[in-house]
């Protein structure tokens, strides 16, 4: 077992890679009453073109299949596994993102039983043609619901503007048409390829003994048979650097219009600590420009242009990256102008003296506060670990980032040809 000490944070991470390739992380928190566990595969909605396990030619599967698979995993011959977790005093859930599918539970009791249940149901796929057909109706309802969600439409309109070919522009759940094409055989093919233990990570944080947890997981895995691990080959069409279109305006029934300005970012050719440093420096830059205590935020808030929904985000994933800034606004066109003007002005004039130090302290304080949340630790650590990054190195790296790094990022990002705007306007009464 590998032990990683982060003395500054008083945290210890225990890691073991099992013979079948499964990576297990345990972070003991003796002062926590709750234990939180995630079982995550390095597989998400963008992974629609790949070479299936045991084959030599790539396939293109229907959009939304990773999310569909997540839904179906909770059902087996005995019924719904949510019922089992409930009987064992646990709250269970799952989510699918662009690059990950995670299954999770939290509980204050019967942790061993819940951990075995988590491992067993995720490693026991059970799909029938009848259950797959039934699920299509359920997921189609979910898709229709999101079609009426203005924030969701704002976001995916932005991604559709950013990407010519990359599947990040496609709704994670797929479309009503694409999910109708999903078959039982498709689900098994994706499962066998991406749910191999060597492509997965188990993370346990809370009132847990590392030796006991890892012994339990070892025994559980030794009782199962898995194929030999193979490298997974995924394919993405080459993506032009510029955006598809400069703007999209959609009319919807909303109380307040919405504006989001996005920038396409070339995925950095970095890994590990270098990648984490890049992400954190970019987040500091966005916070300096648009954070709640920035001049731009205060000015726009005082003018009634924005409210608490206003935010900025950076997304760095394998094969694609982007930035987005925006929120609700009674005058979305003016908000668009102010966001772009802010970036232009900062590029020309730079930041006020001491601004980086102020935002750095705020960021470190926020990070330390989040370490009180087992959910934050598990989800963030797992996300970083798939990119060979360590969450607990964040505070040290934040202290190291220089003004020169921030200035360099400012001058090498936010190009006009990589910018797009997504607006949601009020639907006019007919």
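Take residue 60 and decide whether it is modelled with pLDDT of 95 or more and assigned by TED's automatic domain parsing to the domain that holds residue 136.
Details: modelled with pLDDT of 95 or more: yes; assigned by TED's automatic domain parsing to the domain that holds residue 136: yes.
Yes, satisfied.
With the checklist (1) farther than 19 Å from residue 73 by Cβ; (2) surrounded by 14 or more Cβ atoms within 10 Å (Cβ to Cβ) in hand, flag the one item residue 135 doesn't pass.
Here residue 135 clears every test but (1).
Which of the residues belonging to segment 302-328 are under 26 Å from the mean Cα position of the chain (by Cα) and not in a strand (DSSP E or B)?
306, 307, 308, 309, 310, 318, 319
Hey, among 340, 364, which residue is in contact with a strand residue (DSSP E or B) (Cβ under 7 Å, 6 or more places away or on another chain) and either more than 27 Å from residue 268 (Cα to Cα) or surrounded by 14 or more Cβ atoms within 10 Å (Cβ to Cβ) (or both)? I'd like the intermediate steps shown before the answer.
Numbers: 364 fails: in contact with a strand residue (DSSP E or B) (Cβ under 7 Å, 6 or more places away or on another chain).
From the options 340, 364, the qualifying one is 340.
Which members of segment 254-267 meet the condition of being surrounded by 14 or more Cβ atoms within 10 Å (Cβ to Cβ) and in a loop (DSSP other than H, G, I, E, B)? Quick ask: steps written out before the conclusion?
Here is the first cut: in segment 254-267, the ones surrounded by 14 or more Cβ atoms within 10 Å (Cβ to Cβ) are 254, 256-265, 267.
The answer is 254, 256, 257, 267.
Just to be sure, is residue 328 crowded, with 21+ Cβ neighbours inside 10 Å and either in contact (Cβ under 8 Å) with a residue 40 or more places away in the chain or closer than 17 Å to residue 254 by Cα (or both)? Quick ask: steps written out before the conclusion?
Details: crowded, with 21+ Cβ neighbours inside 10 Å: yes; either in contact (Cβ under 8 Å) with a residue 40 or more places away in the chain or closer than 17 Å to residue 254 by Cα (or both): yes.
Yes; evaluated as a whole, the condition is true for this residue.
Filter segment 162-189 down to the residues that are assigned to a helix (DSSP H, G or I) and under 20 Å from the mean Cα position of the chain (by Cα) and list them by number.
Once the filter is applied, which keeps residues that are assigned to a helix (DSSP H, G or I) and under 20 Å from the mean Cα position of the chain (by Cα), segment 162-189 yields 162, 167, 168, 169.
Does segment 43-50 contain at least one residue that is touching a strand residue (DSSP E or B) at 6+ places or on another chain (Cβ under 8 Å), touching a residue at least 12 places away in the same chain (Cβ under 8 Å) and surrounded by fewer than 22 Cβ atoms within 10 Å (Cβ to Cβ)?
So far as segment 43-50 goes, yes, one or more of its residues are touching a strand residue (DSSP E or B) at 6+ places or on another chain (Cβ under 8 Å), touching a residue at least 12 places away in the same chain (Cβ under 8 Å) and surrounded by fewer than 22 Cβ atoms within 10 Å (Cβ to Cβ).
Tally the residues that are within 25 Å of residue 378 (Cα to Cα) and either more than 23 Å from the chain's Cα centre (by Cα) or outside any strand (DSSP E or B) (or both), restricting the search to segment 39-63.
6
Name the residue, out of 407, 418, 427, that is within 25 Å of the chain's Cα centre (by Cα) and surrounded by fewer than 19 Cβ atoms within 10 Å (Cβ to Cβ).
Selected residue: 418, the only one of 407, 418, 427 that is within 25 Å of the chain's Cα centre (by Cα) and surrounded by fewer than 19 Cβ atoms within 10 Å (Cβ to Cβ).
Step by step: first the residues of segment 389-430, then only those that are assigned to a loop (DSSP other than H, G, I, E, B) and under 30 Å from residue 254 (Cβ atoms), then the one that is modelled with the highest pLDDT. Which residue is that? Break it down stepwise before answering.
Initial filter on segment 389-430 (assigned to a loop (DSSP other than H, G, I, E, B)): 389-390, 401-402, 413-415, 427-430.
Subsequent filtering for residues that are under 30 Å from residue 254 (Cβ atoms) retains 414, 427-430.
On the way: 414: 96, 427: 87, 428: 80, 429: 67, 430: 60.
Residue satisfying both the conditions and the ranking: 414.
If you check 203, 105, 155, which single one turns out to be on the phi < 0 side of the Ramachandran plot, out of contact with any helix residue (DSSP H, G or I) (no Cβ under 6 Å at 6 or more places or on another chain), buried (at least 17 other Cβ atoms within 10 Å of the Cβ) and modelled with pLDDT of 95 or more?
155
Among the residues of segment 223-238, is any assigned to a strand (DSSP E or B), buried (at least 16 other Cβ atoms within 10 Å of the Cβ) and in the same structural domain as residue 52 (by TED's automatic domain parsing)?
Start the filter on segment 223-238 by keeping residues that are assigned to a strand (DSSP E or B), which leaves 234.
Filter once more, keeping what is buried (at least 16 other Cβ atoms within 10 Å of the Cβ): 234.
Okay, now just the ones that are also in the same structural domain as residue 52 (by TED's automatic domain parsing), so none.
Looking through segment 223-238, none of the residues is assigned to a strand (DSSP E or B), buried (at least 16 other Cβ atoms within 10 Å of the Cβ) and in the same structural domain as residue 52 (by TED's automatic domain parsing).
Let me spell it out: the conditions are (1) part of a loop (DSSP other than H, G, I, E, B); (2) closer than 17 Å to residue 22 by Cα, and residue 244 meets all of them except one. Which number is the exception?
Of everything listed in (1) part of a loop (DSSP other than H, G, I, E, B); (2) closer than 17 Å to residue 22 by Cα, residue 244 misses just condition (2).
Can you spot a residue in segment 273-289 that is without any contact (Cβ under 8 Å) to a residue 24 or more places away in the chain and either in a strand (DSSP E or B) or surrounded by fewer than 21 Cβ atoms within 10 Å (Cβ to Cβ) (or both)?
Taking every residue of segment 273-289 in turn, at least one turns out to be without any contact (Cβ under 8 Å) to a residue 24 or more places away in the chain and either in a strand (DSSP E or B) or surrounded by fewer than 21 Cβ atoms within 10 Å (Cβ to Cβ) (or both).
Could you list all residues from segment 206-222 that are more than 15 Å from residue 123 (Cα to Cα) and either touching a helix residue (DSSP H, G or I) at 6+ places or on another chain (Cβ under 7 Å) or part of a helix (DSSP H, G or I) (or both)?
Across segment 206-222, the qualifying residues are 206, 208, 210, 211, 212, 213, 214, 215, 216.
Determine, yes or no, whether residue 354 is more than 28 Å from residue 259 (Cα to Cα), loosely packed, with under 13 Cβ neighbours inside 10 Å and under 25 Å from the mean Cα position of the chain (by Cα).
No: the conditions fail for residue 354.
Would you pick out the residues in segment 1-38 that are part of a loop (DSSP other than H, G, I, E, B) and within 25 Å of residue 65 (Cα to Cα)?
Those that are part of a loop (DSSP other than H, G, I, E, B) and within 25 Å of residue 65 (Cα to Cα): 21, 22.
The values are calculated or read from the model by the stated rules, or taken from the named source; none is laboratory data. This one's a predicted model, so the numbers in the text were calculated from it and none came from an experiment. As a convention, Cβ positions derive from the backbone with ideal geometry for all residues, glycine included, and neighbour counts pool all protein chains shown.
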